[in-house]
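Undergrad: Sending over a structure as structure tokens; questions will come in a sec.
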Amino acid sequence: MSIIGIVIGLVAIGLIFWFRKEYKESIHFLEGEVEAAEHGYNALMEDFTNYQVKCDRELAKLEKQLEIQSKNQDKRMEKHLKELPYIIGKVVGQIEFAQDTLNRKI
């Protein structure tokens, strides 16, 4: 019985050392995987940051273009508003002239 106990004890000690070795190998493997994942996440974060900066720049550029176009439209509208009384007077004058011409023929 004592021989069986010694053999079982030796097997248990062997298994403990074997499991510790496997544990260290798996920890080493997992550390490598974590490091690779961290590197990938950092690269993804950098790409996303660059994308956000690019989008912000494009948005600012589009806002600037919109503001320029809006100012151009305002200038055109002001120009037309300044010319409108002259155009209305010209059209009304032609209508009155035509009325006078029609009244004289009758």
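Undergrad: When we measure straight from the Cα of LYS24, which aspartates and glutamates land under 15 angstrom away, once same-chain ones fewer than 8 places off are left out?
TA: Once the sequence-local aspartates and glutamates are set aside, what remains near LYS24 is GLU33.
Undergrad: Over the residues of region 53-95, compute the C-alpha Rg and express it relative to 2.2 N^0.38 Å.
TA: On the way: Rg = 18.5 Å, N = 43, 2.2 N^0.38 = 9.2 Å.
Rounded to two decimals, the normalised Rg is 2.02.
Undergrad: Straight-line reach only, C-alpha to C-alpha below 30 angstrom: list the lysines that LYS64 could link to, leaving out same-chain residues fewer than 8 apart.
TA: Partners found: LYS54, LYS75, LYS79, LYS82.
Undergrad: Need one number: nm distance between label points at ILE87 and GLU22, each 7 Å from Cα along Cα→Cβ, rounded to one decimal.
TA: Inter-label distance under the simple model: 9.0 nm.
Undergrad: Note down the magnitude of the dipole of the chain about its Cα centre, charges +1 on Lys and Arg C-beta and -1 on Asp and Glu C-beta and zero elsewhere, to the nearest 20 debye. Don't jump to the answer; show the numbers that get you there.
TA: Working: 15 positive and 17 negative charges, 202 e Å.
About 980 debye.
Undergrad: Pick out, from VAL11, ALA43, SER26, the residue whose Cα sits farthest towards the positive end of the charge dipole of the chain, with +1 on the Cβ of Lys and Arg and -1 on the Cβ of Asp and Glu.
TA: ALA43
Undergrad: So how much slack lies between ILE6 and HIS39, counting 0.36 nm per residue of separation and subtracting their Cα-Cα distance, in nm?
TA: Full extension of this stretch gives 7.0 nm more.
Undergrad: Taking 7 Å along the Cα-to-C-beta vector as the label spot, tell me the LEU59-LEU15 distance in nanometres, rounded to one decimal.
TA: Calculated label separation equals 6.1 nm.
Readers should treat all values here as calculations from the given coordinates under stated rules, not as data from a laboratory. On a predicted model such as this, the values are computed, not experimentally measured, just so you know. Virtual Cβ from ideal backbone geometry, glycine too; neighbours counted across all protein chains shown.
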